[in-house]
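The structure appears right after this line, and notes come after that.
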Amino acid sequence: MAKIYKIAVIKGDGIGPEIVDEAIKVLDALASVSDFDFKYRELLMGGIAYDITGDPLPEETIEGCKEADAVLFGAIGGEKWDSLPRDKRPESGLLRLRQALDLYANYRPVKVYDELVDASTLKRKVVEGVDMLVMRELTGGIYFGQPRERGEEKAFNTMVYTRREVERIAHEGFKAAMKRNKRVCSVDKANVLEVSQFWRNIVEEVAQAYPEVQLTHMYVDNAAMQLVRNPRQFDVILTGNIFGDILSDEASMISGSIGLLPSASVGGKVALYEPIHGSAPDIAGQGIANPIATIASAAMMLRFSFGEEDAANRIEEAIEQILRDGCRTKDIADYGAKEVCSTTELGSYIAEYVSKNA
Ligand code: NAD
């Protein structure tokens, strides 16, 4: 009997449905030549969920995700919902889902594909060979800290980290480094913030358990500069929620297009996989969205949640191969395109390669 992996599928808004459909196409192609299969359950989140149920994260979606082996997510949001109260906005659905699933560690690998070096806004000699991982703490820090207040004369948020929160993300960072080049750069603002000095001390403590990993520290302002000066110096960047939010977006641009980069959010029993970009309402429905970030997120799902390393590698090789073949969606068409493909054509090429090269 084939193993069956249960995947909760949240397509979301904008280009979400278009790119998730391509990831499913690739997963199905893989299943057709493997000893496992996938069972999908589609769930609502974001603007579409608000339109249908009045809630951007219906209870059924939380329960459905908890019952699955992993969650594959597209993107949410759009102007249509921007004027809703904060708790009804699509983004609040995603924040609540991360908390409900205890997804405290966000993996954002940033890799520059050889074929797309010139798509980067930075010089070739700076970005060639970049391969790093930004490990961002996702459920703590200033985005969640209490007290918070917005008054007429004063407003504030609070950056809080507990020992447990820092320890668990630090372990995640060191473990990831053990599987990579064994270097962790912890990014903080310890020269100014108490919470950052606390973070730094605990990271030092956790490092004792990983003697093979080289640990360095960097202030966040310097890290922002170093990322564009010499990004190859980084292996794993370990950092808190707000710094990770900003640095990972900065790092993503090194690769050339936001449509290329996957992510995984892990921690609790069920992990969530999504492209790093948003719902791109400006190109939704045109069939030009780049599905690579979502397909690469599906590869991360195979590796992290299902332990199917070979299958994950096969998808990643397929992505590299079709880029070598010169297939490009519009966002990267200026860089070595032999054929400008639609979203579905690119997905089909990857699916075909995956099933042919079993
Ligand atoms: P965005 O990432 O959606 O788009 C930024 C730019 O990148 C746009 O020009 C878009 O066309 C382009 N782009 C994004 N993904 C692409 C892809 N796969 N292929 C080709 N081009 C792509 O960011 P935004 O415009 O700031 O936000 C749009 C909406 O998405 C907002 O409502 C925002 O809140 C939401 N958002 C959602 C998530 C999420 O679901 N995780 C993340 C970020 C933003």
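Some observations on this one:
- Per-peptide packing, taken as the mean over residues of other Cβ atoms within 10 Å, places 324-330, 132-138 in the sequence 132-138, 324-330 from highest down.
- The chain - share of DSSP beta bridges that are antiparallel (%, nearest 5): 35
- Relative contact order computed over the chain (Cα-Cα under 8 Å; 6+ residues apart), in percent: 23
- Projecting the Cα atoms of Ile350, Tyr210, Phe73 onto the charge dipole of the chain, computed from C-beta unit charges around the Cα centre, puts Tyr210 farthest toward the positive end.
- Ellipticity estimate at 222 nm from DSSP helix runs (n ≥ 4, -39,500 (n - 2.57)) divided over the chain, nearest 500: -12500 deg cm²/dmol
- For Thr121 and Val160, the FRET efficiency from 1/(1 + (r/R0)^6), where r spans their Cβ atoms and R0 equals 35 Å, is about 0.50.
- R0 of 30 Å, Cβ-Cβ distance Asp28-Glu60: FRET efficiency to nearest 0.05: 0.75
- Between the range 188-204 and the range 231-305, the Cα center-to-center distance that results, in Å: 26
- Å² of accessible area per residue within the chain, as computed with a 1.4 Å probe and no ligands counted: 44
- Nearest-0.05 FRET efficiency for Asp37 and Lys88, computed from C-beta distance (R0 56 Å): 0.90
- The range 121-255, accessible surface, carbon-and-sulfur percent (1.4 angstrom probe): 50
- Set Lys11/Lys330; Lys123/Lys330; Lys175/Lys269; Lys111/Lys175; Lys11/Lys179; Lys11/Lys39 screened for pairs whose C-alpha atoms are more than 25 Å apart: Lys11/Lys179
- Summary of packing: across the peptides 106-113, 263-270, the per-residue average of other C-beta atoms within 10 Å ranks them, highest first, as 106-113, 263-270.
- Modelled spin labels at Asp102 and Arg148, positioned 7 Å past Cα toward Cβ, are 2.2 nm from each other.
- Computed packing ranks the peptides 231-241, 50-60 as 231-241, 50-60, most packed first, by mean other Cβ atoms within 10 Å.
- At full extension, Glu128 and Asp221 could sit 31.1 nm farther apart than now, given 0.36 nm per residue minus the alpha carbon distance.
- Considering only Ala298, Gly285, Gly268, and ranking their Cα positions along the charge dipole of the range 267-322 that arises from unit charges at the beta-carbon of Lys, Arg, Asp and Glu, the one farthest toward the positive end is Gly268.
The values are calculated or read from the model by the stated rules, or taken from the named source; none is laboratory data. As the structure is a prediction and not an experimental result, all values here were calculated from the model. Ideal geometry is used to build each Cβ from the backbone, glycine not excepted, and the neighbour counts take in all protein chains shown. What goes into the accessible areas is simple: the full protein's heavy atoms, side chains included, and nothing from ligands, DNA or RNA. Shrake-Rupley method; radii C 1.70, N 1.55, O 1.52, S 1.80 Å.
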